[in-house]
Amino acid sequence: MNHVFIEKAGEGKFYLEAVITVTQEGINIYLGGGEKPHIGSVAVSQPRPSLKGDGSISCTTSVLNLLGHKDDGLAVPLAEKLCKKLKQTVVVTAGVHIDNATMDDIQRFKDNCKILCENIVKHFCLM
């Protein structure tokens, strides 16, 4: 049976919410937020041995962006970090939007996404 939980970070227009579904063979995450949550990008990360040959885990990531969307800036780092840490396939569908976003606004979302990622990893430590 699947296990579903939610993690949140940020406030106001910088709010992010991740709905995480843990399956027997991978993790599926919807990451939405801002003023208009939507579907903008999908990142799929699969774990593999690092090409360094040192026994560490790396990943291969494939990305699909919908026309005009740049949500992969949040989806890819989240999928890759969780994939490497949890050694499972991770799919992240992301859609975060605020009107007239500045570089500082985008950085705030990235910072909140890092907090979400840390909280998701902590959840797995409690399972």
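Where a number appears in this text, it was derived from the coordinates with a stated rule and is not lab data. Predicted model, so just to flag it, every value in this text is computed and none were measured. No Cβ is skipped: glycine too gets one built from the backbone with ideal geometry, and neighbour counts run over all protein chains shown.
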Using a 7 Å offset from the Cα along the Cα-to-Cβ direction at both Ser56 and Asp111, what is the distance between the two label points in nm, to one decimal? 2.7 nm
Under the 0.36 nm per residue contour assumption, what length would be gained going from the current alpha-carbon distance of Leu67 and Asp104 to full extension? 11.0 nm
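Using a 10 Å cut-off on Cβ atoms, rank the peptides 55-63, 16-24, 109-117 from the highest mean neighbour count down.
Details: 55-63: 13.4, 16-24: 16.8, 109-117: 19.0.
In decreasing order of mean packing, 55-63, 16-24, 109-117 become 109-117, 16-24, 55-63.
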Give me the percent of DSSP beta bridges within the chain that run antiparallel, rounded to the nearest 5. 80 percent
Among Lys36/Lys110; Lys36/Lys85; Lys70/Lys114; Lys52/Lys84, which pairs are too far apart, with a Cα-Cα distance over 19 Å? Lys36/Lys85
